[in-house]
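I have placed the structure first, in the form of structure tokens, so that the comments after it can refer back to it.
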Amino acid sequence: MAFWRNQKTRGWLYQLAALLLVAACIVWLADNTLENMRNRGIQSGFDFLSQPAGFAISESLFGYESTDTYWRAFLAGLGNTLKVAVVGIILTTILGVLLGVGRFSHNILIRGLCLTYVEVFRNVPLLLQLLMWYLVCVEWLPNVREAEPFLGIYLTKAGLALPWFGDMPVKAGFGIKGGVNLSPEFFALLLGLTIYTASYIAEIVRSGIASVPRGQREAALALGLSRGQTMRLIQLPQALRVIIPPLTNQYLNLTKNSSLAVAVGYPELVSIANTSLNQTGRAVECIAVIMAVYLTLSLLTSAFMGWYNRRSAIKER
Amino acid sequence: MLKNTLSRTIASVALCATAVVSLPAHAGKTLDTIKSRDQLVCGVNVALAGFSSTDSEGKWSGMDVDYCKALAASILGDANKVKYVPLNAQQRFTALQSGEIDILSRNTTWTLTRDASLGANFVGVMYYDGQGFMVKKELKIASAKELNGATVCTQSGTTTEKNLSDFARANKLDIKPLVFEKNEAATGAYQSGRCQAYTTDASGLAAERSISKTPDEHMILPEIISKEPLGPLVRRGDDEFFAISKWVLNALLEGEEYGLTQANLDEKKSSDDPNIQRILGTSENMGTLLGLDKEWAYRALKATGNYGEIFERNVGKDSPLKLERGLNQPWNKGGIMYAPPIR
Amino acid sequence: MVTWLRANLFNNVFNSAITVLLGTLLLYVLSQVWGWGISHAVWVADAEQCNTARGAGACWGVVAEKYRIIIFGRYPFEAQWRPLLATLLLMALLLASCVRLFWKPWLAALWVGVLVVFFILMHGGVLGLATVTTDQWGGLPLTILLASLSVVGAFPLAVLLALGRMSDLPVIRSLCTVYVELIRGVPLISVLFMASFLFPLFMPVGTSIDVLLRVLVAMILFAGAYLAEVIRGGLQAIPRGQYEAAASLGLTYWQMQGKIILPQALATVVPGIMNNFISTFKDTSLVTIVSLYELTGSLDLAVNSDPDWLPYKLEGYLFIAAIYFVFCFSLSRYSQWVERQVSRGKVH
């Protein structure tokens, strides 16, 4: 047999060819990019990260000033991304589980409402929902000057202001000072992400519960547990093993979808990177930062998933 | 990333082959390319009233657009041989750098950073502008210095964010910027009352006010917080095309200085003024020095009128924007528009 | 009737209370929606009437006034029959592709043919049709074009990637895995930014690729990674015996995949492919962020420059939300139907 007829040899040849092709493409693209940059005198590199950013950010977890450096600006953006993601994940889990469990209710009204919710919010693009929520927030809420507090809470075009341990929000100038302030941008983004993702989580929870053998439920009811107890103590815990992996995926999706904030003016990572891109002209670098951050987040999630799967697999025995 | 780029290339090559639209490649000499494809490719703003906007039939108009027309008329003899590529703020520089467009005529501010690090050359100044603020009259504000604690809407991808924060710092004001990806979103948020003020170049403010339902309810504050000389850009490394772009702009300015209008141009061909003779190519042939023919400036002026006409038609008294000439008057009428002589 | 009511709504005190409470709330909300959306709404394109009804009723007149721009974007007005025809053609083909009877090789050929006709109709420049450049394309035709071409283009890529990830060859396997995980790890918008802002820098000097094409390729590459995972799921569900049987028949790798494994694997994942199509359809709304005027963007185009109608943007949003909903909902119903067919097939 000639050596190229040998399956093993051919396999290695294929792989070598694929590798060479990919490498050649990368070299070609990198060469083009460098050539373009050199010819046109475009500057590149990550050195800009340590220079002062010079632009302000409307909200930030760690006191960011416009005199701070670009990397601090990126950090502020990442902080805002994580803020909306963490709060969103908590809220959407609660809402999604309620909706999923609601699909098993004896009451047809609850079943119907849960089903309608899922169908409506799943079948309209998230971006459109975000734009609508934001429009409703800024159009329909009252102006700060006309607003009256309700139990010390202000809900105005400047956002939601809540009292915080005796620190009461008060009107001051154009806005509201004191208490905890949530901007309408954050609010609209949170609302949109929570409501959209919950429709997916509801389906995951529903099919998770449906996958628990019916005998389990019947046995629990026969033991005299109530329907609520059966769901809480028997069905949900068993469904969890099926639910967790796709649920983690949804958490990741929510985090990635928070990048749509650029459309509603919430200063998260992508929005900050976009501004930096325009100030410095370092397009490749800024988009690389966005991708690197999201990749890290998703790798961390995958690592968690792997750990969880190993753990639950052992438990099964 | 590896496979990504690979498939990207393969897919794009394959799709190109199935032919959608792709422009002929430019081969270094921009002028030759423009002539061989018989079309000028001009990057313009997606929509900015008075500078570049489309009507319901897709026809482009505006100051930035008129400059492209004049350039096309000068090079190709036909002001309609322009392909307009609408670009947003982020796309514009890469589009120019990569050769997707021949010239970027998109109200772009001339700054050191852009001139030195983007691989582009500014042709000149088409419009001297400055950043200002627009507020609703009901707020009863007379000065931008009263904006302490206010939220200000603006579009990302421009020089405005930095100017705004410089202004706030210099005047010890606490101003919250609200930055949107699209200008429509920024103005929408301002209109709805989410922001107390909207900031951009003063011409942009006027444009925005002109298309507002109730222009009288808005006022533009007196403070101009920055210098924004707006002009077209070409790629570095092609001095010939750079010169042509520069001198077509100068010809439009000279046209105003010597009173050459679209209407009287043919009449003026018999003028005795040596300056006019040189501009219109009736005596010396200045065009060959640029690689064009002697009627290069005549065609540009015939296509769009002189700078003054372009200004008044698009943003001045004959337009809804009603902008004052101000700094954009010729130097001998109190402005700073001064073109080097055509001789 | 009474027994049904008892069983489903009033089977105990707690449930009855919920029924009454929810029912009242639902009635209240529905009557409000009815009042705003139907009985107090303005249906004619009259800005004056809309202004008086503002706050009390919706102004559907904005749709009546602007539907041509919302649906067709910037496309030249007199030539709008062309995108209409092209879109209907593409939709008919999409519908036909849903019928199992037509899943034959000639369907692929038909796709190529229809796409060519689509481009000729949209772009013109031949057969006496005026040229309409891609920057004037917009609205629903662009949405449908992006969605269907993304999935059609992603399909071959996804099959290769899925096979690559299941391959015995370590280099191929890791290349495919790296690609899929990379793409799935980043948001679509960053990929679109790359296609829109960065791509020209990666190309040799002077190459210029239309921005619509660049965005389309980005969507294909993105959808491909997700679709690859769907198809891989189908491949994993094929019992080992099938591979062994094919190998013992002496079939080569490609014969085995093409004749035995892939047909079975793909048949089981049709619902997954449909779901991928639905997500892609929804994802097309993101291209508005890179300045292409598909449905979401063309709504902006229609109302933003017209102060008379700007206050009724919400009604416009609801209108296009309804369009998206009709498409996505019917697709998801179809996919559920297929899923039942597939599982029924397994029982037999």
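Structural remarks
- Here C:K282 is the anchor, and the aspartates and glutamates within straight C-alpha reach of less than 16 Å, apart from those fewer than 8 places off in the same chain, are A:E119, C:E294.
- Length-normalised contact order of chain B in % [C-alpha pairs under 8 Å, at least 6 apart]: 20
- Reachable lysines from C:K66, criterion Cα separation under 16 angstrom, eight or more residues apart if same chain: C:K313
- Positive minus negative residues near A:V84 (Lys, Arg vs Asp, Glu; Cβ under 11 Å): -2
- Modelled FRET efficiency - R0 45 Å, C:L129 with B:K213, Cβ distances, 0.05 increments: 0.70
- Estimated FRET transfer efficiency when R0 is 35 angstrom, pair C:A56-C:V99 (beta carbons, to 0.05): 0.15
- Extended-chain gain in nm, criterion 0.36 nm per residue less alpha-carbon gap, B:S36 and B:Y338: 105.4 nm
- With contacts taken as Cα pairs under 8 Å and at least 6 residues apart, region C:132-347 reaches a relative contact order of 29 percent.
- Label-to-label distance, C:N12 versus B:N275, with points set 7 angstrom from Cα along the beta-carbon direction: 9.8 nm.
- Residue-averaged [θ]222 nm for chain B, counting only DSSP H segments that reach four residues, each worth -39500 (n - 2.57): -11000 deg cm²/dmol
- FRET efficiency, 1/(1 + (r/R0)^6) with R0 35 Å, evaluated for B:D166 and A:Y14 via beta carbons: 0.05
- Between region A:238-271 and region C:75-122, the alpha-carbon center distance in angstrom: 35
- Placing a pseudo-label 7 Å from each Cα along the Cα-to-Cβ vector at A:V170 and A:Q216 gives an inter-label distance of 5.7 nm.
- Region C:47-69 and region B:305-325 have Cα centres separated by 34 Å.
- Reachable aspartates and glutamates from B:K317, criterion Cα separation under 13 angstrom, eight or more residues apart if same chain: B:E309
- Note on C:T3, C:T19, A:T116: ascending count of other Cβ atoms within 10 Å places them as C:T3, A:T116, C:T19, the fewest first.
- Extension gain, C:A322 back to C:L89 (0.36 nm per residue minus Cα-Cα distance, nm): 81.7 nm
- MRE, 222 nm, helices only [DSSP H, n ≥ 4, -39500 (n - 2.57), over chain A, to nearest 500]: -22000 deg cm²/dmol
We did not get these values from a lab; they are worked out from the coordinates using the rules stated. It should be emphasised that the depicted structure is a prediction, and the values quoted were computed from it without experimental measurement. Glycine also receives a Cβ, built like all others from the backbone with ideal geometry; neighbour counts cover every protein chain displayed.
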